[in-house]
Amino acid sequence: MKAVVISFISLLVGQAFGFELSESSLKRAKEIIKKMTLQEKIGQMTQAERQHATPADVKKYALGSILSGGGSNPTPNTPEAWKKMVKEYYDYSLESKSGVPLIYGVDAVHGHNNVLGATIFPHNIGLGVANDLELTKKMGEIVAEELKATGIYWNFAPTTAIAGDQRWGRFYESFGRDVEMVTELSMAYMQGLQQAGVLATPKHYLGDGGTAFGHDRGDTRLNEEEIRAIHLKPYIAAVKKGAQSIMISFSSINGEKMHGQHYWITKVLKGELNFQGFTVSDWNGIEELEGTYRDQVKKSVLAGIDLFMVPERWKEFMTTLKELVLSGEVPMARIDDAVTRIIAVKDAMGLFNLDFSTEHSFGVSAHRAVADKLAEKSLKIVKNENVLPLKNKRILLTGKAAMNTGYQCGGWTIEWQGVEENVPGATSIYEALKKNGAQVTFINAEALPLINPSDFDVAIAAMGEKPYTEMMGDIVMGEYPYPDRTPYGYTLDYYSLHPEDKMVMKELKKTNLPILSMVFSGRPLEMTELKNDSDALILPWLPGSELNLIAKKIIQFN
């Protein structure tokens, strides 16, 4: 295995991953912008959300991009409906005066997770535990295939954050704390995506995982040497390997919001690192800046942001930026630079001649087999005192995550914050145990006092965190900096089990059965008490839709 890893790392060093900007793409972009009006150029810099812009709007305003936010899905939520919708936007973009094709983007962070029936992979925290570069690359290829099945060729992933404080609500979106490992795994995912024809977007530039107290959109308080040694490393690799889209972070560096950081975006990323692609803001990210909306637009475009994710306010953005150019506050050269970058990347991707007739597979067993293997490799067995294997044992299964696949998939699944019900196509631990021949009976937590313990040999408690993402997932100690938002919890109690899980453990202890605790979580939790109360403890993290190999492993344990 060591030789395979070394071989793969050498591949990362020596080969770019698709979409290299050729002289012909740059030349074509420059020829196109010569014929464009200012309004059309600003249209290319504008990204609206599908619920706030119609295909007719794309044609009228020559919009350069549309996205689906988390949970923004067509009806019905099927690959066919997605493809029909995206194609309509695309076709209308070709009918605009500029004739420049639209690029449609989504957050496919652990599979094409907005779409019902998609293959849902482990979140990055689990991939960091697995640390398998070849499988992570294969995951990227599969995600690209399922994206193309819906007509989408732009993915807002991978997250290249170096995770610091586990109180951060996006901790699970990071591969871990080790800079080299995060860099290698994020590059493997990027390679899989881009060599399969989908544009990747390393994010969030810069320092998003290092904020003080783990506050999402918070402040990373490090000097420049530390920023470069830790948080810049994945982007150095990404640019070398052909990243052509990089998303800017909501967060700050030493009190200055990244969406206004001319030094880090223009001087370092575009200048020092020679990034030739385009930068994209995060969702309404420019509104993190101080001042009026006009001030925010001006500062962010001068900082070096090229494409603006302005989901609802896109018309206001276009009007404001046009006024800033006409007044001389934003030079035309800055507009031309941004639009050249955007159109050149579109040309390099082949968007000018996109063929929607090609068939692509979606949610198939071969895809799920890779997700299943990654979930198995993500599993951490913390404790086992003569509980595993479970073969030939009569199993009592309980807990809120036992038959609810929403908990094992976590945030960014169907909805932005995830769902607390079953995810279509996903396999619960109950179903996986059954499929692998286990003698398992599910008992609701409320019914535990009524059971006869002699009917069972072992109890499994399937527990863990409820789905969350971004600031909604922050664990807060003391005053929270965002009074208009509700974080996951306000006290350090949330480092340990939730009250409903504690109740399950309390009832199981009364049975005197050996207890196997299975905790689905997006970060390390305080588990000293749980470990002491359990005869076995396993951590599958947020494994996604496939649990068959995990079930097989704990049944056979060989």
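What the table below lists for this structure:
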{"quantity": "Every residue from region 471-523 that is under 23 Å from the mean Cα position of the chain (by Cα), surrounded by fewer than 21 Cβ atoms within 10 Å (Cβ to Cβ) and at pLDDT 85 or above", "calculated": "M472"}
{"quantity": "Scope region 342-359; condition part of a loop (DSSP other than H, G, I, E, B) and surrounded by 15 or more Cβ atoms within 10 Å (Cβ to Cβ); matching residues", "calculated": "L354"}
{"quantity": "Extreme residue, farthest from R170 (Cα to Cα), among residues of region 104-125 that are buried (at least 24 other Cβ atoms within 10 Å of the Cβ) and over 13 Å from the mean Cα position of the chain (by Cα)", "calculated": "Y104"}
{"quantity": "Among residues of region 524-543, those that are surrounded by 17 or more Cβ atoms within 10 Å (Cβ to Cβ) and more than 17 Å from Q408 (Cβ to Cβ), counted", "calculated": "6"}
{"quantity": "Residue ranges of helices (runs of 4 or more DSSP H) in region 58-169 with at least 1 members over 21 Å from P202 (Cβ atoms) and touching a Pro at 6+ places or on another chain (Cβ under 7 Å)", "calculated": "79-94"}
{"quantity": "Tally, over region 21-54, of residues that are out of contact with any Ser or Thr (no Cβ under 8 Å at 6 or more places or on another chain), part of a helix (DSSP H, G or I) and more than 19 Å from E323 (Cα to Cα)", "calculated": "8"}
{"quantity": "Any hit, region 276-283, residues being out of contact with any strand residue (DSSP E or B) (no Cβ under 9 Å at 6 or more places or on another chain) and farther than 27 Å from G218 by Cβ", "calculated": "yes"}
{"quantity": "Selection from region 264-276 of residues that are touching a helix residue (DSSP H, G or I) at 6+ places or on another chain (Cβ under 6 Å), farther than 13 Å from S300 by Cα and crowded, with 19+ Cβ neighbours inside 10 Å", "calculated": "F275"}
{"quantity": "Filter result for M190 (out of contact with any Asp or Glu (no Cβ under 8 Å at 6 or more places or on another chain) and at pLDDT 95 or above)", "calculated": "yes"}
{"quantity": "Some residue of region 291-310 being hydroxyl-bearing (S, T, Y) and either within 30 Å of G242 (Cβ to Cβ) or outside the structural domain of S249 (by TED's automatic domain parsing) (or both)", "calculated": "yes"}
{"quantity": "Of all residues making up region 306-316, the number that are in a helix (DSSP H, G or I) and surrounded by 22 or more Cβ atoms within 10 Å (Cβ to Cβ)", "calculated": "1"}
{"quantity": "Conditions (1) under 27 Å from E470 (Cβ atoms); (2) without any contact (Cβ under 8 Å) to a residue 60 or more places away in the chain; (3) in contact with an Asp or Glu (Cβ under 7 Å, 6 or more places away or on another chain): number failed by I66", "calculated": "(3)"}
{"quantity": "Listing of helices (runs of 4 or more DSSP H) fully contained in region 199-305 that carry 3 or more residues being closer than 26 Å to A188 by Cβ and under 20 Å from the mean Cα position of the chain (by Cα)", "calculated": "233-240"}
{"quantity": "Considering residues of region 229-253 that are touching a helix residue (DSSP H, G or I) at 6+ places or on another chain (Cβ under 7 Å) and basic (K, R) only, the residue surrounded by the most Cβ atoms within 10 Å (Cβ to Cβ)", "calculated": "K241"}
{"quantity": "Any hit, region 381-393, residues being without any contact (Cβ under 8 Å) to a residue 24 or more places away in the chain, at negative phi and of a type in the set (D, E)", "calculated": "no"}
{"quantity": "Positions within region 544-558 being among the β-branched types (V, I, T) and surrounded by fewer than 24 Cβ atoms within 10 Å (Cβ to Cβ), in sequence order", "calculated": "I555"}
{"quantity": "Residue count, region 254-263 (criterion: surrounded by fewer than 23 Cβ atoms within 10 Å (Cβ to Cβ) and in contact with a Leu (Cβ under 7 Å, 6 or more places away or on another chain))", "calculated": "1"}
{"quantity": "Looking only at region 170-185, and only at residues there that are assigned to a helix (DSSP H, G or I) and within 12 Å of the chain's Cα centre (by Cα), the one that is surrounded by the fewest Cβ atoms within 10 Å (Cβ to Cβ)", "calculated": "F171"}
{"quantity": "Complete set of residues in region 422-443 that are part of a loop (DSSP other than H, G, I, E, B) and more than 26 Å from P79 (Cα to Cα)", "calculated": "N436, G437, A438, I443"}
{"quantity": "Among the candidates T119, T150, residue that is modelled with pLDDT of 95 or more and closer than 16 Å to P543 by Cβ", "calculated": "T119"}
{"quantity": "Residue check, K322 surrounded by fewer than 20 Cβ atoms within 10 Å (Cβ to Cβ), assigned to a helix (DSSP H, G or I) and under 29 Å from the mean Cα position of the chain (by Cα)", "calculated": "no"}
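The values are calculated or read from the model by the stated rules, or taken from the named source; none is laboratory data. The structure displayed is predicted, hence computed values, not measured ones. Don't worry about glycine lacking a Cβ; one is built from the backbone with ideal geometry, like all the others, and counts go over all protein chains shown.
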